[in-house]
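Asks: Mind having a look at this structure? Questions to follow.
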Amino acid sequence: MMRPLSLLVFVAAGSAAAAPAVWVVDDGEKIRRDALDTPFERGQDNPIWAPGEPIRLFALRDEVVAVQVVIEADATPLAAVRVELDGLSGPGGARLAGGAIDRFVAHFFDVVRASASPWGGSLGWYPGSGPDPAAYVGPVPDALIPIDLAPAWAPYPLAVPARSNGIVWIDLTVPADQPPGTYAGTIHVTADGAPLASLPVELRIGAATLPAHPARTMLFYAPFNLGRRLGDGAQAAATRQLWQLYHRHRLTPMHSALNVNEARAVLPALTGEAYTAAAGYTGPAAGVGDDVLSLGTYGGLGAPNAQKLQTVEAIARALDEAGVAATTDVFVYAIDESCGHAWGATWRDLLRGSAEPAAAHVKVGWTCSEDAANQPVDVVMKIASTYSVPEAADLAARGKTVWIYNGVEPWSGALMTDDDAVAPRLNGWLQGRHDIDRWFYWHTNFWYDENNGGRGAFDPFTQPETFHNQHGEWAAGDGVLVYPGRQAGAFADHDLGFDGVIPSIRLKNWRRGVQDAGYLQLARVQDRAAADAIADGLIGRALERGRGGQPPGWSRRGAPYFAARAALFEMLGGDAPE
């Protein structure tokens with residue numbers, strides 16, 4: 001018979017993988033396949049678990065919390081490893097079970113070199129301000145494959161090679177109507193049918209309900225890429241599934257349209273119809289619509305003229321008739337990263353001169369990181385390294401909106417695969433603390449590296465380098481926050497047989513950051529100064545206070561984020577009944 005968990009872990013603590021071990025950590029760390037004998041498995045810097053103790057979690061209603069169960073093999077490989085959680089039982093017979101529990105296999109790929117550029121930094125960080133270049137070179141996890149889709153090359157039950165880790169990621173979704181209180185259950189881990197560990201779980205559910213969209217985002221996706229990779233016949237279903245996946249993570253797809261038919265096609269997302277039980281949706285913020293529509297993304301409408309104005313007016317009328325014009329940020333994306341281009345002012349003048357009443361809701365925006373005050377558009381999107389909180393607040397008082405896009409350390413978290421798990425999470429805290437109106441990310445299914453200097457189509461399950469350009473820069477994971485559920489042709493070996501996309505660890509950490517912004521929003525109502533002090537202690541130097549060449553002012557480990565959220569949870573009354 002296998003030894004119980006406590007013995008396994010204490011034996012493993014003395015030397016690298018001296019015996020099989022099972023341990024847990026929350027979603028704030030990336031655990032490499034070859035990361036043996038870590039501090040986390042000894043309970044150090046591990047906010048949710050220590051050997052011999054239960055896993056201790058907390059959540060608000062309509063929130064998702066996550067746990068990583070790490071199975072560490074010794075000199076003998078482990079086969080048919082199962083991680084089971086039947087459910088959690090709470091006060092008055094209340095249960096958290098069934099569809100509230102989702103399990104994923106963490107898929108590892110080999111990062112051969114860190115993101116970099118000829119000028120010494122990378123697209124994600126200034127020289128001297130990024131992570132240790134060696135920290136995430138090697139077998140790193142990112143794609144999270146639902147266990148019912150797990151293929152032979154990332155199987156469930158797990159096959160864990162000798163002296164390696166296997167990981168099952170568990171999401172626990174707390175319904176909006178779940179009774180508050182403490183819930184308990186047990187995670188059972190077996191290998192070849194024999195017990196490896198039994199891990200008690202305690203989940204405190206608070207009485208407060210997380211806001212639907214505490215931090216507004218805008219994640220670009222290309223429906224055309226879904227069709228190319230999954231097959232034209234799968235594009236429509238995959239697009240809807242992508243919407244629901246992002247919504248389930250409290251992230252907003254960047255809906256785009258070039259004509260009125262394309263605008264009508266995304267109306268179910270804008271009205272919230274796509275996020276109802278009737279549409280097959282389960283998860284947070286049910287029935288709440290998305291709130292953004294880009295017209296001619298990246299300058300796709302081309303040169304402005306009277307005919308194109310009529311197209312925009314027709315779209316505006318369709319949105320008005322559907323009742324979403326007032327709740328949706330609708331903007332003409334005049335052009336991309338071309339400051340001073342004439343199209344911005346021309347589009348603004350055309351719309352201001354329009355006789356169509358519905359067009360009054362349509363704004364003009366572009367990406368330009370220069371001084372925003374004199375830019376001839378309504379919405380200025382600035383790269384994270386140039387975003388200024390005082391500038392944005394000043395312009396908001398004068399009727400101009402400043403959004404932030406992408407991420408560059410030490411000013412904000414980055415979204416690269418070879419960065420710390422909490423990097424995307426930080427951005428949610430920045431939004432919540434500094435009232436940043438919207439965070440834009442340039443691409444999420446960039447499975448075709450086709451820009452100047454790019455290398456064409458690639459398999460994201462095996463190729464971590466997703467972006468190359470004519471300047472000699474390369475990046476791991478840039479533009480890829482989701483992975484294709486179906487692949488044909490050259491990449492058919494990694495086909496999950498699923499008409500949709502699957503999440504990444506980075507997507508889930510961005511979710512965690514947005515949810516944390518919800519905690520901050522609620523706690524500010526109780527005591528704004530105290531809540532902001534908690535956030536400031538976590539964030540440190542960021543945005544305009546960041547200094548290129550210096551390390552970021554925030555922690556790269558997950559435990560401080562957990563502690564800050566726990567302090568906000570207690571401000572909200574913990575799990576005391578209403």
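Asks: When you look at residue 43, is it in contact with a Gly (Cβ under 8 Å, 6 or more places away or on another chain) and either at pLDDT 95 or above or open to solvent by 30 Å² or more (accessible area, probe 1.4 Å) (or both), yes or no?
Replies: No: the conditions fail for residue 43.
Asks: In the list 440, 467, which residue meets the criterion of being outside any loop (DSSP other than H, G, I, E, B), in contact (Cβ under 8 Å) with a residue 60 or more places away in the chain, more than 21 Å from residue 243 (Cβ to Cβ) and touching a strand residue (DSSP E or B) at 6+ places or on another chain (Cβ under 9 Å)?
Replies: Just one listed residue meets the conditions, 467.
Asks: So which of 29, 72, 53 is of a type in the set (D, E, K, R), buried (at least 20 other Cβ atoms within 10 Å of the Cβ) and over 25 Å from the mean Cα position of the chain (by Cα)?
Replies: 72
Asks: Take the residues in segment 103-148 that are surrounded by 14 or more Cβ atoms within 10 Å (Cβ to Cβ) and among the charged types (D, E, K, R); name whichever of them is farthest from residue 70 (Cα to Cα).
Replies: 142
Asks: Return the total of residues in segment 175-205 being in contact with a helix residue (DSSP H, G or I) (Cβ under 8 Å, 6 or more places away or on another chain), open to solvent by 30 Å² or more (accessible area, probe 1.4 Å) and within 13 Å of residue 23 (Cα to Cα).
Replies: 1
Asks: How many residues does segment 213-233 hold that are more than 30 Å from residue 401 (Cβ to Cβ) and either buried (at least 23 other Cβ atoms within 10 Å of the Cβ) or at pLDDT 95 or above (or both)?
Replies: Matching residues across segment 213-233 total 4.
Asks: Next question, about the same structure. Give segment 123-173 a look and list any residue that's among the hydroxyl-bearing types (Ser, Thr, Tyr) and closer than 23 Å to residue 199 by Cα, or say none.
Replies: Result: 156, 164, 173.
Asks: Here are some residues: 518, 558. Which one is buried (at least 16 other Cβ atoms within 10 Å of the Cβ), of a type in the set (Gly, Ala, Ser), in contact with a His (Cβ under 9 Å, 6 or more places away or on another chain) and over 30 Å from residue 456 (Cα atoms)? Spell out the reasoning first.
Replies: Numbers: 558 fails: in contact with a His (Cβ under 9 Å, 6 or more places away or on another chain).
Answer to the check: 518.
Asks: I've got another one for you. Quick one: count up the residues across segment 258-296 that are open to solvent by less than 20 Å² (accessible area, probe 1.4 Å) and part of a helix (DSSP H, G or I).
Replies: Here the count works out to 6.
Asks: Next up: Run down 376, 284, 304 and say which single residue is under 23 Å from the mean Cα position of the chain (by Cα) and in contact (Cβ under 8 Å) with a residue 12 or more places away in the chain.
Replies: Details: 376 fails: under 23 Å from the mean Cα position of the chain (by Cα); 304 fails: under 23 Å from the mean Cα position of the chain (by Cα).
After applying the criteria, what remains is 284.
Asks: So which residues in segment 73-84 are part of a strand (DSSP E or B) and either in contact with a Lys or Arg (Cβ under 8 Å, 6 or more places away or on another chain) or among the hydrophobic types (A, V, I, L, M, F, W, C) (or both)?
Replies: 78, 79, 80, 81, 83
Asks: Pairs needed: first member in segment 179-192, closer than 16 Å to residue 80 by Cα; second member anywhere, polar (S, T, N, Q) and part of a strand (DSSP E or B); C-beta distance under 7 Å; at least 6 residues apart or different chains.
Replies: Matching pairs, first to second residue: 188/198.
Asks: Now, a different point. Does residue 496 qualify as being over 23 Å from residue 125 (Cβ atoms), of a type in the set (A, V, I, L, M) and in a loop (DSSP other than H, G, I, E, B)?
Replies: Against the criterion (over 23 Å from residue 125 (Cβ atoms), of a type in the set (A, V, I, L, M) and in a loop (DSSP other than H, G, I, E, B)), residue 496 qualifies.
Asks: Additional query: Cβ-Cβ distance below 9 Å, separation of 6 or more or different chains: which pairs start in segment 381-395 with a residue that is under 12 Å from residue 437 (Cβ atoms) and end on one that is of a type in the set (Gly, Ala, Ser) and open to solvent by 10 Å² or more (accessible area, probe 1.4 Å)?
Replies: Going by the 9 Å Cβ cut-off, the qualifying pairs are 381/369; 382/369; 382/388; 382/392; 387/369; 395/373.
Asks: Okay, moving on. If the requirement is being modelled with pLDDT under 95 and under 29 Å from residue 177 (Cβ atoms), which of these qualifies: 490, 566, 576, 531?
Replies: Working: 490 fails: under 29 Å from residue 177 (Cβ atoms); 566 fails: modelled with pLDDT under 95; 531 fails: modelled with pLDDT under 95.
Going through 490, 566, 576, 531 in turn, just one is modelled with pLDDT under 95 and under 29 Å from residue 177 (Cβ atoms): 576.
Asks: Here's a follow-up. Filtering segment 521-545 down to residues that are under 24 Å from residue 369 (Cβ atoms) and basic (Lys, Arg), which residue is surrounded by the fewest Cβ atoms within 10 Å (Cβ to Cβ)?
Replies: Ranking the qualifying residues of segment 521-545, first place goes to 545.
Asks: Scan the strands (runs of 3 or more DSSP E) fully inside segment 85-194 and keep the ones with 1 or more residues being of a type in the set (Asp, Glu) and at pLDDT 95 or above.
Replies: Ranges flagged: 101-111, 138-146, 165-174.
Asks: Pick from 371, 329: which is in contact (Cβ under 8 Å) with a residue 60 or more places away in the chain and within 17 Å of residue 404 (Cα to Cα)?
Replies: Only one candidate passes the filter, namely 329.
Asks: Any idea which residue in segment 470-490 is least open to solvent (accessible area, probe 1.4 Å), counting only those that are free of Cβ contacts under 8 Å to residues at least 60 places away in the same chain and more than 27 Å from residue 135 (Cα to Cα)?
Replies: Selected residue: 489.
Asks: How many residues are touching a helix residue (DSSP H, G or I) at 6+ places or on another chain (Cβ under 8 Å), within 23 Å of residue 440 (Cα to Cα) and of a type in the set (A, V, I, L, M) when one looks only at segment 259-294?
Replies: 9
Asks: Within segment 152-173, is even one residue under 21 Å from residue 245 (Cβ atoms), open to solvent by 20 Å² or more (accessible area, probe 1.4 Å), among the hydroxyl-bearing types (Ser, Thr, Tyr) and touching a helix residue (DSSP H, G or I) at 6+ places or on another chain (Cβ under 8 Å)?
Replies: Yes, some residue in segment 152-173 is under 21 Å from residue 245 (Cβ atoms), open to solvent by 20 Å² or more (accessible area, probe 1.4 Å), among the hydroxyl-bearing types (Ser, Thr, Tyr) and touching a helix residue (DSSP H, G or I) at 6+ places or on another chain (Cβ under 8 Å).
Asks: Let me ask something else. Scan segment 404-412 and give yes if some residue there is over 20 Å from residue 546 (Cβ atoms) and without any contact (Cβ under 8 Å) to a residue 40 or more places away in the chain, otherwise no.
Replies: no
Asks: With the checklist (1) farther than 30 Å from residue 174 by Cα; (2) in a helix (DSSP H, G or I); (3) touching a strand residue (DSSP E or B) at 6+ places or on another chain (Cβ under 9 Å) in hand, flag the one item residue 242 doesn't pass.
Replies: (1)
The values are calculated or read from the model by the stated rules, or taken from the named source; none is laboratory data. Computed from a predicted model, the values in this text were never measured in an experiment. Virtual Cβ from ideal backbone geometry, glycine too; neighbours counted across all protein chains shown. Just so you know, the surface numbers come from the protein's heavy atoms only, side chains and all, with ligands and any DNA or RNA stripped out. Shrake-Rupley method; radii C 1.70, N 1.55, O 1.52, S 1.80 Å.
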